[in-house]
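Novice: The structure that follows is given in the form of structure tokens.
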Amino acid sequence: MAISTKPILDYDHRAAEYARHRKVHPGVVEELIAGGRLDAETRVLDVGCGTGNYAAVLTERVGCRMFGVEPSAQMRARARNAASWETLAEGRGEDLPFPDASFDLVFSTDVIHHIGDRPAYFREAARVLRSGGRIATATDSHDDIPKRRPLSSHFPETIPVELRRYPGIPRLLDEIAEAGFVDHRLVQVSHDYQLTDLQAYRDKAFSSLHIIDEEAFARGMARLEADLASGPIPCVSLYTVIWATKPETQHHRDRGDPP
């Protein structure tokens, strides 16, 4: 699920693995529903929607009006049937193909490190949000990355690569503020689970596994297989969700509309 001017992967060729293996993070879903105040009338834009897994869950749970943007044709092809879309468009975060003041919530999940020009994306998000609308950015913080299991525990070579690849939270907060957003807050979510099937790792359904060399990948797979031989592997998936709000206009406040 990626938006990038210079993608590290050909996501058209990774779409099948992503559709088969990548699941939503329950904590992110709950945070989007609660923090975005989603209901059937909420207009939501999923930036870098990939195969549409988050859109599918959100539309099923609350029936919100879902829009998506994704540069990969094969990702869009899989997303098209995954959720009920108002619009599913080709495009990038830096140049969103939607009119001003179109959405109540703009969100991205595990996408921000792929965006080539983040300040441009945040400006675009502010442009397409309505007054008082919210932006949510779910990402891996530099504190989260070393704690990921099994990506970091079994493939430790991913840690320095990921620390370089993911922007730090302070930098993201500065860029979000420079785009005019206010009321920033951070929410950390985690999901504990038991790993019983290694196929997602064999298929390299996580982009970091394409960045390390084949010897490091083979060592990590050997560790996973050895641990799984003794039983399910305890795992944890972590995200930091950055929330911010587009300031209300004076006209909006004067009408007495809810924030």
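We did not get these values from a lab; they are worked out from the coordinates using the rules stated. Here the structure is a predicted model, which means the values were calculated and not measured. A quick note on method: Cβ atoms are made from the backbone with ideal geometry, for glycine too, and the neighbour counts reach across all protein chains shown.
Novice: For a quick check: with amide H placed at 1.01 Å from N, whose amide H comes under 5 Å from G91's, ignoring anything fewer than 5 positions away on the same chain?
Specialist: Hits under the 5 Å cutoff: E70.
Novice: Taking only Cα atoms, what is the 0 to 90° angle, nearest 10, from helix 26-35's long axis to the longest principal axis of the chain?
Specialist: Computed tilt is about 10 degrees.
Novice: Report for the chain the percent antiparallel among DSSP-assigned beta bridges with both residues inside it, nearest 5.
Specialist: Antiparallel bridges make up about 55 percent of those DSSP assigns within the chain.
Novice: Assuming 0.36 nm per residue, please report the length gained on full extension of the stretch A73 to K23 beyond their Cα-Cα distance.
Specialist: Computed gain between A73 and K23 is 16.0 nm.
Novice: Relative contact order, percent, of the chain when contacts are C-alpha pairs under 8 Å separated by at least 6 residues? List each step's numbers first, then the result.
Specialist: Details: 496 pairs, mean separation 53.5, N = 259.
Averaging sequence separation for qualifying contacts and normalising by length gives 21 percent for the chain.
Novice: Let me ask something additional. Can you work out ³J(HN,Hα) from phi for every residue in segment 151-158, in order, using Karplus 6.51 cos²θ - 1.76 cosθ + 1.60 and θ = phi - 60°, giving whole Hz and x for Gly and Pro?
Specialist: 4, 7, 6, 9, 10, x, 5, 6
Novice: Okay, moving on. Quick check: pseudo-label points 7 Å beyond the Cα along Cα→Cβ at A218 and S190, how many nm apart are they?
Specialist: Distance between the two pseudo-spin positions: 3.4 nm.
Novice: Express the C-alpha Rg of segment 16-138 as a ratio against the empirical globular expectation 2.2 N^0.38 Å, rounded to two decimals.
Specialist: Details: Rg = 13.0 Å, N = 123, 2.2 N^0.38 = 13.7 Å.
Taking N as the residue count of segment 16-138, the ratio is 0.95.
Novice: Work out from phi, with θ = phi - 60° and the Karplus expression 6.51 cos²θ - 1.76 cosθ + 1.60, the ³J(HN,Hα) of each residue of segment 112-121, listed in order in whole Hz, and give x for Gly and Pro.
Specialist: So the Karplus estimates, Gly and Pro as x, are 4, 6, 8, 6, x, 10, 5, x, 5, 4 Hz.
Novice: List the relative contact order of segment 135-201 as a percent without decimals, with contacts defined as Cα pairs under 8 Å and 6+ residues apart. Walk me through the numbers on the way to the answer.
Specialist: Values: 21 pairs, mean separation 16.6, N = 67.
Here the relative contact order equals 25 percent.
Novice: In Å and from the alpha-carbon atoms only, list the Rg and Dmax of the chain.
Specialist: Looking at the chain, its Cα Rg and Dmax stand at 18.4, 65 Å.
Novice: Separate question: Return one number: the angle in degrees, 0 to 90 and rounded to the nearest 10, between the long axis of the Cα atoms of helix 53-62 and the longest principal axis of the Cα atoms of the chain.
Specialist: Tilt of helix 53-62: around 50 degrees.
Novice: Also: Report the equivalent ellipsoid semi-axes for segment 123-246 in whole Å, largest first, defined as the square roots of five times the eigenvalues of the gyration tensor built from alpha carbon atoms. Walk me through the intermediate numbers first.
Specialist: Numbers: eigenvalues 235, 45, 27 Å².
Over the Cα atoms of segment 123-246, the semi-axes work out to 34, 15, 12 Å.
Novice: Oh, and also: Which whole-Hz couplings ³J(HN,Hα) result when phi for each residue of segment 217-224 is put into the Karplus expression 6.51 cos²θ - 1.76 cosθ + 1.60, θ = phi - 60°, listed in order with x for Gly and Pro?
Specialist: Each residue of segment 217-224 in turn: 4, 5, 4, x, 5, 5, 5, 4 Hz.
Novice: Could you tell me the relative contact order of segment 42-82? Use alpha-carbon pairs under 8 Å, at least six residues apart, and round to a whole percent. Present the calculation step by step, with values, prior to reporting the outcome.
Specialist: Working: 57 pairs, mean separation 21.8, N = 41.
Normalised by residue count, the contact order of segment 42-82 is 53 percent.
Novice: May I ask you to derive the FRET efficiency for L163 and E41 from their Cβ-Cβ distance with R0 = 51 Å, giving the value to the nearest 0.05?
Specialist: So the FRET efficiency works out to roughly 0.80.
Novice: Hey, another quick one. In whole Å, how far is the Cα centre of segment 43-63 from that of segment 65-129?
Specialist: So the two Cα centres are separated by 11 Å.
Novice: Calculate, for H210 and A34, the FRET efficiency according to 1/(1 + (r/R0)^6) with r their C-beta to C-beta distance and R0 41 Å; round to the nearest 0.05. Intermediate results must be reported in sequence, preceding the final value.
Specialist: Values: r = 34 Å, r/R0 = 0.82.
My answer for the efficiency is 0.75.
Novice: Separate question: How many lysine pairs does the chain hold where the Cα atoms are under 21 Å apart and the two sit 8 or more places apart or on different chains?
Specialist: 4
Novice: Let me ask you something else. I'd like the per residue volume of the convex hull spanned by the Cα atoms of segment 61-111, given in cubic angstrom.
Specialist: Working: hull volume 4.9 nm³, N = 51.
Cα-based convex hull of segment 61-111, divided per residue, equals 97 Å³.
Novice: Please get the size of the charge dipole for the chain, origin at its Cα centre, with Cβ charges of +1 on Lys and Arg and -1 on Asp and Glu, quoted in debye to the nearest 20.
Specialist: Working: 32 positive and 39 negative charges, 36 e Å.
In debye, rounded to 20, the chain gives about 180.
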